[in-house]
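So that we are looking at the same thing, I have put the structure below in structure tokens.
The values are calculated or read from the model by the stated rules, or taken from the named source; none is laboratory data. These numbers were taken from a predicted model, which means no experiment stands behind them. Glycine also receives a Cβ, built like all others from the backbone with ideal geometry; neighbour counts cover every protein chain displayed. All accessible areas refer to the heavy atoms of the entire protein, side chains included, with ligands and DNA or RNA removed. Shrake-Rupley method; radii C 1.70, N 1.55, O 1.52, S 1.80 Å.
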Amino acid sequence: MSECRPFSKTIGVWMSDKKSQKLNWKELICVSNSHGYRIVKLDLERPLEEQGEIDVFLHKLTDVIAAADVGDPTASRIISNIEQYLSNHPNIAVIDPLDNVRILLNRYNYYSILQNEPTFSRHGIFTPAFAEFTTCNAQENLEIMRQRGVRFPIICKPTVAHGSKSAHEMILVFNERDLNVCRPPCVVQSFVNHNAVLHKVFIIGNRYHICERPSLKNFTASEDLEPIFYSTGEVCKADSQSTLSILDPHDETDLQMTLKEENIKRIIRVLRKEIGLILAGFDVVIDNLTGRHAVIDINVYPSYENFPNFFENLLNCIDETVNRTIVISGDNGDCQDHHSVSQRLNGLINVAFSASKLGVTGMNIN
Ligand SMILES: Nc1ncnc2c1ncn2[C@@H]1O[C@H](COP(=O)(O)OP(=O)(O)O)[C@@H](O)[C@H]1O
Ligand SMILES: [Mg+2]
């Protein structure tokens, strides 16, 4: 890693100040340099043209795109400047393209993609039944739920999945009487009992890592239970200690609760094909009665906590993406090259099995 080749390419990076403070820049710069890349921190308040040529644009713009999409003038200006700049420089490899990121800003959109995937059901993969509420009319909303097969208990989630803390404020509702706590626009989804175990999958291109996290205990529909309000961070972080995660004594761990890694790979392949992000993650819970795997969430550029050799894997993936961009944008009409690159990219690697002890785990460790 200390070996330094002359830099042949530049990676322009942008993320919010909050993310930037957590990022281990020293390590990012060091590993990038060892792959022949210089790192430039971009300032979105200044014209990008003035900040030097870049070959790769690496960003976490989810919150800015979400704000632009609801009409925030500053965010809209920033996003349209970036889009203009990228369309003037089609050879820049963008990680990830803004239109692909947009798909994951709306929960209804990505649940629909998952639901429409024809290969999932035969392998025991599904997304729980869901519906969108756009009004507060409880009677109408109940009818929408019936039509779409959504059953109590339900989790009510804001339709917009990024952009603010409130995007992660959830409500568990146990009966139709309490449907009025749902605030549109929101998505309601049937609750799947999963013995309080959440499997988080982090993806960098064709490399992935799976982690277990605490989650919600089992629940059934009830006329007596009041709605439960929670934020995802309180319950599902590695060190969360919510009482909502403590299983009731009669909940025994079922033998069918084993995660099938083959299914995780199937989900990754579908996401790569349908959504096309390099930096993504998703959440899976296993139905404690059927053993079926439910995909309940997909994320853009997730936290990558504990991802082995995060920076080395990121740079390997950037190398592959840059080479692919050159092949695709080159006008020599040589489709053969492009094919062989994408075929090479098709194999999926669980980084836990190939991890060396030398690299940095996750992206935030200083
Ligand atoms: N359909 C569901 N069945 C059971 N638990 C769920 C379901 N949907 C969400 N959860 C629980 O709520 C948490 C937050 O939901 P999620 O859709 O992942 O939102 P976020 O975008 O905040 O991560 C999940 O990590 C999981 O613990
Ligand atoms: Mg989640």
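Looking at region 122-132, is at least one residue within 16 Å of ligand 1 (Cβ to nearest atom) and open to solvent by 70 Å² or more (accessible area, probe 1.4 Å)?
Checked region 122-132: no residue is within 16 Å of ligand 1 (Cβ to nearest atom) and open to solvent by 70 Å² or more (accessible area, probe 1.4 Å).
Residue by residue, here is whether (1) within 16 Å of ligand 2 (Cβ to nearest atom); (2) assigned to a loop (DSSP other than H, G, I, E, B); (3) free of Cβ contacts under 8 Å to residues at least 60 places away in the same chain; (4) within 18 Å of the chain's Cα centre (by Cα) holds:
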| residue | (1), (2), (3), (4) |
| --- | --- |
| TYR110 | yes, no, no, yes |
| PRO118 | no, yes, yes, no |
| GLU132 | no, no, yes, no |
| ILE144 | no, no, yes, no |
| GLY149 | no, yes, yes, no |
| SER166 | yes, no, yes, yes |
| ARG177 | no, no, yes, no |
| VAL187 | yes, no, no, yes |
| LYS200 | yes, no, no, yes |
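Another question about this same structure. Among the residues of region 73-91, are any within 17 Å of GLU45 (Cβ to Cβ), among the aliphatic types (A, V, I, L, M) and in contact (Cβ under 8 Å) with a residue 24 or more places away in the chain?
Step one: filter region 73-91 for residues within 17 Å of GLU45 (Cβ to Cβ), giving 73-85.
Okay, now just the ones that are also among the aliphatic types (A, V, I, L, M), so 75, 78-79, 82.
Checking which are in contact (Cβ under 8 Å) with a residue 24 or more places away in the chain leaves us with 78, 82.
Yes.
In the set ILE113, ILE78, which member is open to solvent by less than 40 Å² (accessible area, probe 1.4 Å) and of a type in the set (Val, Ile, Thr)?
On the way: ILE113 fails: open to solvent by less than 40 Å² (accessible area, probe 1.4 Å).
From the options ILE113, ILE78, the qualifying one is ILE78.
Rundown of residues vs (1) open to solvent by less than 20 Å² (accessible area, probe 1.4 Å); (2) within 13 Å of ligand 1 (Cβ to nearest atom), yes/no style:
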| site | (1), (2) |
| --- | --- |
| LEU259 | no, no |
| VAL270 | yes, no |
| ILE275 | yes, no |
| GLY281 | yes, yes |
| VAL285 | yes, yes |
| ASN288 | no, yes |
| ASN299 | no, yes |
| PRO302 | yes, yes |
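Please give the helices (runs of 4 or more DSSP H) falling wholly within region 1-98 in which 3 or more residues are among the basic types (Lys, Arg) and under 19 Å from GLY362 (Cα atoms). Give the derivation first.
Details: elements: 17-22, 25-34, 62-69, 73-88.
Counting at least 3 such residues, we get 17-22.
Hey, can you tell me all the residues within region 209-241 that are within 15 Å of ligand 2 (Cβ to nearest atom), crowded, with 17+ Cβ neighbours inside 10 Å and not basic (Lys, Arg)? Outline the logic, then answer.
Restricting attention to region 209-241, the residues satisfying the condition of being within 15 Å of ligand 2 (Cβ to nearest atom) are 210-216, 230-238, 240.
Okay, now just the ones that are also crowded, with 17+ Cβ neighbours inside 10 Å, so 211, 213-216, 230, 232, 235-236.
Within region 209-241, CYS211, PRO214, SER215, LEU216, TYR230, THR232, VAL235, CYS236 meet the criteria.
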